[in-house]
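Structure first, then comments.
Values in this text are rule-based calculations from the coordinates and carry no lab data. No experiment lies behind these values; they were computed from the predicted model shown. Using ideal geometry, Cβ is built from the backbone for each residue, glycine included, and neighbour counts are taken over all protein chains shown.
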Amino acid sequence: MKKIIKMLAFLVVAVSLTGCLSTEKKEYSYKVNGDGSGSGKIKFVNIISQKDDGKDVSFSDFGELVDKYLNGEQFETDNPNLVVTDKKLYEEDGKLMGEVTFTFKSLSDINFIMEPGCDCSPIFYPMSTFSETFESSNGTYLGENSSATMIKWPSGTKEFTFTTVVTSDLTETVSLLGMYKTWKESNK
């Protein structure tokens with residue numbers, strides 16, 4: 001009976017200590033067909049758990065990562081205009097990576113802005129709704145010296161890439177790579 005009570009207490013504490021899943025960077029890449037449809041990939045670089053008031057809640061966050069995102073449909077719920085074709089976790093350069101590949105029907109499905117039916121004007125991607133910080137792109141970032149936080153590509157561009165920083169201060173974070181390795185080994 002005492003073991004059951006201890007186990008229940010542990011579960012209550014584990015569930016109540018919800019941290020925040022995050023990533024150091026995101027790498028976005030899109031390829032567009034002539035009709036505006038296309039495919040894309042978002043790479044989550046260095047998936048981490050942010051501590052909750054100094055407490056390590058990485059166990060709970062890793063469970064959320066696997067249950068809701070990898071095996072669940074949280075990404076699909078958050079991005080209803082995308083058709084997910086693959087999701088995976090893997091190790092690269094000593095960090096945990098995540099990758100989601102998908103297709104879309106039009107540039108507007110991925111929030112790009114362009115003149116409809118015209119291959120004559122630049123293509124823009126607004127970043128004002130992002131909580132992420134621009135790092136690099138194959139386009140031109142317009143936010144350096146203006147309030148227009150957008151990326152611009154010339155008309156006719158068919159491949160779009162950009163990288164953002166999500167979490168720059170990693171001092172209060174815990175890598176999820178160790179848990180991923182244990183999880184992967186136990187699921188062979």
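Numbers below:
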{"item": "Packing-based exposure ordering (other Cβ within 10 Å, fewest first) of E24, E185, E115", "result": "E185, E115, E24"}
{"item": "For the chain, size of Cβ-based charge dipole, Lys and Arg +1, Asp and Glu -1, in debye", "result": "680"}
{"item": "Nonlocal amide H pairs with G143, under 5 Å, H built at 1.01 Å", "result": "M150"}
{"item": "Nitroxide proxy distance, nm - points 7 Å out along Cα→Cβ at F59 and T161", "result": "4.0"}
{"item": "Surface/4 of the Cα convex hull for segment 69-124, nm²", "result": "5.4"}
{"item": "Kirkwood-type radius of segment 30-125, with distances r between different C-alpha atoms, in Å", "result": "15.4"}
{"item": "Reach of K152 by Cα under 16 Å, taken over lysines that are not fewer than 8 positions away in the same chain", "result": "K31"}
{"item": "Segment 118-159 shape via C-alpha gyration tensor axes, a/c threshold 1.5", "result": "prolate"}
{"item": "Among 43-54, 133-144, the order from most to least packed when residues are scored by Cβ within 10 Å on average", "result": "43-54, 133-144"}
{"item": "Distance from segment 157-182 to segment 37-83 (C-alpha centre basis), Å", "result": "11"}
{"item": "Positive-end residue of G143, G36, T23, charge dipole of segment 18-148 with Cβ unit charges", "result": "G36"}
{"item": "From phi via Karplus (6.51, -1.76, 1.60), per-residue ³J(HN,Hα) for segment 125-142 in Hz, x at Gly/Pro", "result": "10, x, 10, 5, 8, 7, 9, 9, 10, 4, 10, 7, 6, 8, x, 10, 7, 9"}
{"item": "Most positive-pole-ward Cα, S155, I47, T133, against dipole of the chain from beta carbon charges", "result": "I47"}
{"item": "For q = 0.09, 0.10, 0.19 Å⁻¹, Debye-computed log10 I/I(0) when each Cα of the chain counts as one equal scatterer", "result": "-0.41, -0.50, -1.33"}
{"item": "Separation in nanometres of the label points that stand 7 Å from Cα toward Cβ, at N145 and S39", "result": "4.0"}
{"item": "Cβ-based net charge around V83, under 10 Å, with every Lys or Arg adding one and every Asp or Glu removing one", "result": "-1"}
{"item": "Cubic angstrom per residue, convex hull over Cα atoms of segment 131-188", "result": "136"}
